[in-house]
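See below for the structure under consideration.
No value in this document is a laboratory result; all are computed from the given coordinates. Given the structure is predicted, the values throughout are model-derived calculations rather than measurements. Note that each Cβ is placed from the backbone with ideal geometry, even for glycine, and that neighbours are counted across all protein chains shown.
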């Protein structure tokens, strides 16, 4: 696999920042944005391609963690801080919280799915 | 403007008429209604949308009491809460094997944070249980020449770092067991059980952004330290702590330790920066503020300040937008001032007026600035109301006053 290009790293950086902004908890959101910025800044002068690939792989794993956590924590009410600005802004996020029939509701189990049970692969007899 | 007034009217209507969501339990403190985005214009959704959006919670500045879960820790735990639910001591099927593998991986993560061997880590329900096991060990091996030294690595009230390496050196040369309660120190300052000659160490999960209800005890194998089990039963954890090991919790503890190892330096820099900001701002704006604890051997995330002529509890209540504490949570039920402050020789009146500010991984500059601003404002206000302060301003020396005996 070819080593990650500058463009790919930048895309990853932007994707991570974008996802992090969806954390509904103020402290997680601010930490994620700050940590991502500082981590990419700290490693910007790394030249060794193997090391770059290791860092990129770790970042991809962290991006997945952020994606899962942002989704699974959406179901808890927004703990707004004393400052007024940090409350789920988008209509979609709010609708997910309140309308039970909403199609974008995701059960936590779906985010952490594992292999199906043996019995699920067998043909079920039709009655 | 129009949206805001419509919002307020809707808010009043919801409160007046019992609706389907009005029975929802109050989540935390209800401080004030917040104005929200245009969603409020949608009439059918307002009733349900309102309840959840109108609560504002205080800022969290009490990390010595407990810490929030790091999202990376929760991410590691969730599979074991949802899918991989086997008992790690089941030896006959995949559920048990995968659970056991996770438990051993977590053990390795905890061990590598403190420079220990995984066989030396026993999982417990928390640092308190670990402390009990360690101290009971003394009773199990009572002889004239054995004893145990037990010291806290980082104090949870004033943040002072004890000279662990020196104490370890003395203990090993005198053949005395050395136990340290490292709940506040693990993952925050570098610890190595071999360099510091530690024989027993207590670790707590919820102080290092891990789950509550889990901890570990490090028990040295070379030379062997014998401990007696507090809990007897099926012989799990090498017989030292029977009971099914809670896989999701220990996976969380392991993940928290791994994250802490990676983030230790970065967190330390951030926390030091914020701590410096907080103390400088407060001490530059207010006179007669004392920082308790040795300024040199000090963990920056725990700042204990005494504001003279202000009562600590009243300041805590005034700072209702910030979650703070005065003294440790474990002794908070009593009204006495902290034993730690008394031990370092603080005057009674200063001991009563101490507040502990906790700064952690997730604390932001804005939170620190807000806390500082409110703290300065309320201390000034409370001092204005204080007759002692008035007397001090007039130049009277409080120590020279003869309070009449009734």
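Run through every distinct alpha carbon pair of the range B:121-231 and return the Kirkwood hydrodynamic radius in angstroms, one decimal place.
Kirkwood radius, the range B:121-231: 14.0 Å.
Quick check: convex hull over the Cα atoms of the range B:263-320, volume per residue in Å³, rounded to an integer?
Per-residue hull volume (Cα only) is 103 Å³.
Please report, in whole Å³, the volume per residue of the convex hull around the C-alpha atoms of the range A:1-65.
73 Å³
Compute the label zone of residue A:38 within the range B:271-302: residues whose backbone N is under 16 Å from the point 7 Å along Cα-to-Cβ.
B:271-278, B:300-302
Just to be sure I understand the model, the point goes 7 Å from the Cα along the line to the Cβ. What's the resulting residue B:162 to residue B:105 distance in nm?
Inter-label distance under the simple model: 3.5 nm.
Need one number: the % of Cα-Cα pairs in the range B:81-186 sitting beyond the 22 Å mark.
48 percent
So what's the gap between the Cα centers of the range A:25-70 and the range B:63-109, to the nearest angstrom?
If we compute the Cα centre of each part, the gap is 24 Å.
Within a 10 angstrom radius of the beta carbon, how do B:237, B:336, A:64 rank from fewest other beta carbons to most?
The fewest-first ordering by Cβ neighbours comes to B:336, A:64, B:237.
Roughly what would the spin-label model give for residue A:6 and residue A:21, points 7 Å off Cα along C-beta, in nm?
Calculated label separation equals 2.4 nm.
Go ahead and run the numbers for FRET between residue A:14 and residue B:366, Cβ-Cβ distance against an R0 of 22 Å, rounding to 0.05.
0.35
Would you please give the FRET efficiency between residue B:244 and residue B:296, computed as 1/(1 + (r/R0)^6) with r the Cβ-Cβ distance and R0 = 41 Å, to the nearest 0.05?
Result of the calculation: an efficiency of 0.35.
Divide the volume of the convex hull of the Cα atoms of the range B:358-406 by its number of residues and quote the answer in cubic angstrom per residue.
131 Å³
If you look at just the Cα atoms of the range B:65-125, how large are its Rg and its Dmax in Å?
13.1, 41
Considering every residue in B:183-193, what mean count of other chain Cβ atoms within 10 Å of its Cβ is obtained?
Shielding by partners across B:183-193 averages 0.
Report, to two decimal places, the Cα Rg of the range B:205-298 normalised by 2.2 N^0.38 Å (N = number of residues).
With N residues counted in the range B:205-298, Rg over 2.2 N^0.38 Å equals 1.63.
With a/c under 1.5 counting as rounded, go ahead and sort the range B:172-259 into rounded, prolate or oblate using the C-alpha gyration tensor (a ≥ b ≥ c being the square roots of the eigenvalues; past the cut-off, prolate if a/b is larger than b/c, else oblate).
Because a/c hits 1.5 or more and a/b fails to exceed b/c, the range B:172-259 counts as oblate.
Go from 0 up to the bin containing the longest alpha carbon distance in the range B:286-406, width 10 Å each, and give me the % of pairs per bin.
All Cα pairs considered, the percentages come to 12, 41, 35, 10, 2, 0.
Grab the beta carbon distance between residue A:50 and residue B:172, set R0 = 60 Å, and tell me the FRET efficiency rounded to 0.05.
The value I calculate is 0.90.
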